[in-house]
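Nothing in this text is a laboratory measurement; each read-out follows from the coordinates by a stated rule. Owing to the predicted nature of the structure, the values given are computational and were not obtained by experimental measurement.
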Amino acid sequence: MELISFTILLLLTGLKNITVTMNVFYKLAETSEEFEQAKELFIEYANSLDIDLSFQNFSGELESVRLQYDKPTGALLLVYQDGSLAGCAGIRRLDDEIAELKRMYVRPDFRGFGIGKELLERAIATAARIGYKKVRLDTLSSMTKARSLYESFGFEPIDPYYFNPIEETIYMERVI
């Protein structure tokens, strides 16, 4: 487990400066408990979308999280802030050269601190370490902050690589 401590300086108009220090841990899921924690985040993420993910066999994904997101062809990154589970990102195999980034999610209370950016950077690096040459993902056009983050990391729009009935779905890819 890697600890990253950083300090945020908040400047409040008319008030004194406030310094907040947070401890942020990033780690790969290894234990059954950690994969169960990730499943809870997957469900929370799915509920936040307000769309039905049954076309992706979401219930089957939940039943086989470890199989899909564990070594040697996958990874599940977890992030904790001050001891609380803050988010996750999954890497799973599409084919020998292409990984898919799935279920990247940072809980609302933990957003705005750079966790998503670091999580994405680590997910891409993990896919490269596994041996993938590209990372694909899908997102929704309404997720403007997520799309901007992906674009800032070099992800570009591509044609659909699987069936998705949600019209606002955007497919993206990055060479790594």
When we measure straight from the Cα of LYS102, which lysines land under 17 angstrom away, once same-chain ones fewer than 8 places off are left out?
LYS27, LYS39, LYS71, LYS117, LYS133, LYS134, LYS145
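Would you kindly work out the equivalent ellipsoid of region 105-176 from its C-alpha gyration tensor and give its semi-axes, the square roots of five times the eigenvalues, largest first in whole Å?
Values: eigenvalues 76, 67, 19 Å².
Equivalent ellipsoid of region 105-176: 20, 18, 10 Å, largest first.
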What relative contact order, as a whole-number percentage, does the chain give when Cα pairs under 8 Å and 6 or more residues apart are counted?
16 percent
What are the principal axis extents of the Cα atoms in region 25-94, in Å, biggest first?
34, 28, 18
